[in-house]
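Every number here is computed from the coordinates shown, using simple stated rules; none is lab data. For clarity, every value in this text was computed on a predicted model and none was experimentally measured. Note: ideal-geometry Cβ built from the backbone for every residue, glycine included; neighbour counts use all protein chains shown.
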Amino acid sequence: MCIRDRGIVIVPLQNAAAVARKISVDFRLAVLGFTREDGGTNFRTAYGNRYTPVIDGVVVLAENEEKLVRAHREYIAVKEEQNRRRTSQRARNMWMHFCQRLVATARLEQMFNQGL
């Protein structure tokens, strides 16, 4: 039986759980399988293999799918704008620091050249 017949769909979007939580949509993480990791040097995993779930997106009701996808697009747009703004601010701060160092260097050169 197909999942869609039951009225639920898998939405494989990154950060879909955070978006679903933000817009108050009921969801569950979509576990698509398990991967096997070899035991490491940690005493808890040294005696065998460890299986970790492969989570890709969320499972929601079919009627909430479009709402979640739309909210996810808005979420991505806001995040990109925040990243662009943060990068721009960081570049401005670096240039300000550079200019302050140039002024300080010029002032020190002038001070020491006058003393000689």
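Values as computed for the structure displayed
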quantity: Cα→Cβ-extended label distance, 7 Å offset, between F34 and R90, nm; calculated: 3.9 nm
quantity: Cα→Cβ-extended label distance, 7 Å offset, between K22 and D56, nm; calculated: 2.4 nm
